[in-house]
Amino acid sequence: MVLAKMIPEATIDQVQNAVNIVDYVGQFVQLKKQGQNMFGLCPFHDENTPSFSVNEEKQIFHCFSCGRGGSVFKFVMDLDGVSFPEAVAKVAEFGHVDVQINTTVNQPRESATATRQKEILAQVQKLFNHLLVNTAQGEPALDYLHGRQMTDETIEHFGIGFAPSDDQMLRKYLTKEGVSYEEQRASGLFVDRDGGELATRFTNRVMFPLRNERGQTIGFSGRVLGKQDGVAKYLNSPETELFNKRDTLFNLDQAKAAINPDKRFYLFEGFMDVITAYEAGVQTGIASMGTSLTREQIGIIDRVANEVVISYDGDMPGKRPPTGR
Ligand code: ZN
């Protein structure tokens, strides 16, 4: 058996160092110096005011409108719709770097820690779902959801689960599964106690997975079961390597996958509205995560939708204009 050879890290560095991102991007975008950065019109969507920037010092690009950003390789991947190895090959060719790149190898661009965290969260999502659907511990939570007219199909569709009151359960489970202390700590599933102990962040909560555009779990939102004084009704994962609430839209993955020839999306106030709408037959609902819409989210919507039906009700935070930054 012949294994496809991965591109060595050193070769990737060699290619990256040989090419200035400003020169590469400059083939497609007219860039103008403005302060520390270069600015131009974003090639990923229509715009009249430049919100696409390149930082020459850091060799990265970032669009303040659609939130895309990254290295020169990421730029090529997004612009040409190619894999990471193909992007490396293109940049190498542009820079006349004499290296052999195997473009057939299946090599991800994301960091090893990000890949690992996705595996961990996927496993935890399955565990929470199992606890909700199949165990006695999860029964009160399941009764609560059924009481809210949520069907089993909806529970499966959104991958909903339950985090029990036992605040050692998850820690023990992950440790047994070979997840290290540092990996658990980085997962956003725990809070630091004094003395470096990890305590479960989510206890006695119905757990709603938050997924990225590719349908991978990147965090959770937990709704407390019953009323508890002094406890937040909803609790989200903190910002982690995977989860950035500024550019997360709940249900974007499944909304994009739904049959939707008009590319019409429904923007809701909160993710529970998305779930309720799904039960009523609306498969293309999305929502921001407990904040006003950010520029990044608006950019994403601009990219995927032809039409957006805004379904905010009352005088809610979402009525405010998008927050900047
Ligand atoms: Zn953009």
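So here's what we get for this one:
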{"item": "Residue among 207, 180, 127 farthest towards the positive dipole end of the stretch 120-216, charges placed on Cβ", "result": "180"}
{"item": "Sparse-neighbour loop sites [trypsin sites (Lys or Arg not before Pro); the stretch 145-212; at most 10 other C-beta within 10 Å; DSSP]", "result": "193"}
{"item": "Where trypsin sites (Lys or Arg not before Pro) fall in DSSP loop in the stretch 236-316, at most 13 other Cβ within 10 Å", "result": "263"}
{"item": "Charge context of residue 186, other residues only, Cβ under 11 angstrom, K/R +1, D/E -1", "result": "-1"}
{"item": "Local electrostatic count, residue 45, Cβ distance below 10 Å [Lys/Arg +1, Asp/Glu -1]", "result": "-1"}
{"item": "Residue 172 versus residue 199: modelled label distance in nm, points set 7 Å from Cα along the beta carbon direction", "result": "1.9 nm"}
{"item": "Computed [θ] at 222 nm, deg cm²/dmol, the chain (DSSP H ≥ 4; -39,500 (n - 2.57); rounded to nearest 500)", "result": "-10000 deg cm²/dmol"}
{"item": "Extreme residue, positive dipole direction of the chain, given options 16, 141, 88 (C-beta unit charges)", "result": "141"}
{"item": "Length added when fully stretched, residue 74-residue 146, from 0.36 nm per residue minus Cα-Cα", "result": "21.6 nm"}
{"item": "Heavy-atom SASA rank of 23, 78 (probe 1.4 Å, accessible area, largest first)", "result": "23, 78"}
{"item": "Contact order relative to length of the chain, as percent, for alpha carbon pairs under 8 angstrom and 6 or more apart", "result": "13 percent"}
{"item": "Residue-span extension gain [residue 94 to residue 115] - 0.36 nm each, minus C-alpha spacing", "result": "4.6 nm"}
{"item": "1.4 Å probe accessible area per residue over the stretch 3-94, in Å²", "result": "53 Å²"}
{"item": "Overall form of the stretch 37-79 per C-alpha gyration tensor (a/c, 1.5; a/b vs b/c)", "result": "oblate"}
{"item": "Trypsin sites (Lys or Arg not before Pro) restricted to the stretch 68-137 and DSSP loop, no more than 16 other C-beta within 10 Å", "result": "109"}
{"item": "Formal net charge of residues neighbouring residue 25 (Cβ-Cβ distance under 14 Å; K, R +1; D, E -1)", "result": "+2"}
{"item": "Subset of 74/126; 32/118; 126/245; 58/126 violating a 27 Å alpha-carbon distance limit", "result": "74/126; 32/118; 58/126"}
{"item": "Carbon + sulfur, % of accessible area of the chain - ligands and nucleic acids excluded, 1.4 Å", "result": "49 percent"}
{"item": "Distance between the stretch 22-54 and the stretch 96-136 - C-alpha centres, whole angstrom", "result": "32 Å"}
{"item": "Ellipsoid semi-axes in whole angstrom, largest first, where each is sqrt(5λ) of the Cα gyration tensor of the stretch 130-213", "result": "26, 14, 11"}
{"item": "Lys, Arg +1 and Asp, Glu -1 on Cβ, resulting dipole of the chain about Cα centre, debye, nearest 20", "result": "320 debye"}
{"item": "Kirkwood estimate for the chain, i.e. one over the average of 1/r between Cα atoms, Å", "result": "22.0 Å"}
{"item": "Normalised contact order of the stretch 31-91, rounded percent, pairs of Cα under 8 Å and 6 or more residues apart", "result": "19 percent"}
{"item": "Inter-site label distance for residue 165 and residue 310 at 7 Å from Cα along Cβ, in nm", "result": "4.3 nm"}
{"item": "Amide H contacts of residue 60 (H built 1.01 Å from N, under 5 Å, at least 5 apart or other chain)", "result": "55"}
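The values are calculated or read from the model by the stated rules, or taken from the named source; none is laboratory data. Small disclaimer: the values here were computed from a predicted structure and weren't measured. Note that we place each Cβ from the backbone using ideal geometry, even for glycine, and neighbour counts take in every protein chain shown. Only protein heavy atoms, including side chains, enter the accessible area calculation; ligands, DNA and RNA are left aside. Shrake-Rupley method; radii C 1.70, N 1.55, O 1.52, S 1.80 Å.
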